[in-house]
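The block underneath contains the structure these notes are about, expressed in structure tokens.
The values are calculated or read from the model by the stated rules, or taken from the named source; none is laboratory data. As the structure is a prediction and not an experimental result, all values here were calculated from the model. In this analysis, Cβ positions are derived from the backbone assuming ideal geometry, glycine residues included, and neighbour counts consider all displayed protein chains.
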Amino acid sequence: MKKVALTLSAALISSLFAESFTYTEYLPVYKSEKIFRVVTKRVPYQECWEEQVPVDQNGDSSTVGALIGGVAGGILGHQVGEGSGKTAATIGGAIVGTLVGKNLAEKEPEPGYKIVKKCRTRYQETNERIIEYKNFANFNGQQIVKYSDTPLKKIRVRVTVEY
């Protein structure tokens, strides 16, 4: 345990007195390679138009007609019969009124039109050709690679020396 503490304190003391300096060096590029890439961009846009579409203007009128006819037929049937025949006349009047009301409501078709805006998404595709340069240099036996828009003659390197 004492050895570990002694080693740590020695390392701490030596790091307090360590010195360093930094300088910039420009390395000559010995090779530049052209790199071609094709990038496809898809840009969405909307294509819209107005369109006339047929509309059933009766809507639920056949159902409403059947209801009104059924009620009216039931009332009329109720007034016609007597005794147990009154119930049969009411039911029969309601059935006949429902059928007549539904048929009358469906007989008068009035086709109409309304204008509806419709849209769809489409894509504009563009191909872009990108040219880059891969520049090579050597520093202390190691290869340095830097990408750029133009071929470089030198690559800037920051060197830090600690002692």
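When you look at VAL53, is it in contact with a strand residue (DSSP E or B) (Cβ under 6 Å, 6 or more places away or on another chain) and at pLDDT 65 or above, yes or no? Let's see the steps before the verdict.
Numbers: in contact with a strand residue (DSSP E or B) (Cβ under 6 Å, 6 or more places away or on another chain): yes; at pLDDT 65 or above: yes.
Judged against the criteria, VAL53 is a match.
Collect the residues in the range 121-142 that are more than 37 Å from the chain's Cα centre (by Cα) and either at pLDDT below 90 or loosely packed, with under 10 Cβ neighbours inside 10 Å (or both), keeping them in residue-number order.
To start, the set of residues in the range 121-142 that are more than 37 Å from the chain's Cα centre (by Cα) comprises 135-142.
Across the range 121-142, the qualifying residues are ASN140, GLY141, GLN142.
Within the span defined as the range 80-98, one or more residues are within 53 Å of the chain's Cα centre (by Cα) and at pLDDT 70 or above.
When the range 111-152 is filtered for residues that are in a loop (DSSP other than H, G, I, E, B) and free of Cβ contacts under 8 Å to residues at least 60 places away in the same chain, the ones remaining, listed by number, are ASN140, GLY141, ASP149, THR150. Within the set VAL64, VAL71, VAL4, the sole residue that is at pLDDT below 65 and part of a helix (DSSP H, G or I) turns out to be VAL4. In the range 88-110, the residues that are under 19 Å from ILE75 (Cα atoms) reach residues that are in a loop (DSSP other than H, G, I, E, B) and at pLDDT below 75 with C-beta atoms within less than 7 angstrom, at least six apart or across chains, in these pairs: ALA88/GLY81; ALA89/GLY81.
Taking the condition closer than 30 Å to ASN138 by Cβ and either modelled with pLDDT of 90 or more or of a type in the set (Asp, Glu) (or both), does LYS118 pass?
Details: closer than 30 Å to ASN138 by Cβ: no; either modelled with pLDDT of 90 or more or of a type in the set (Asp, Glu) (or both): yes.
When the stated conditions are applied, LYS118 does not pass them.
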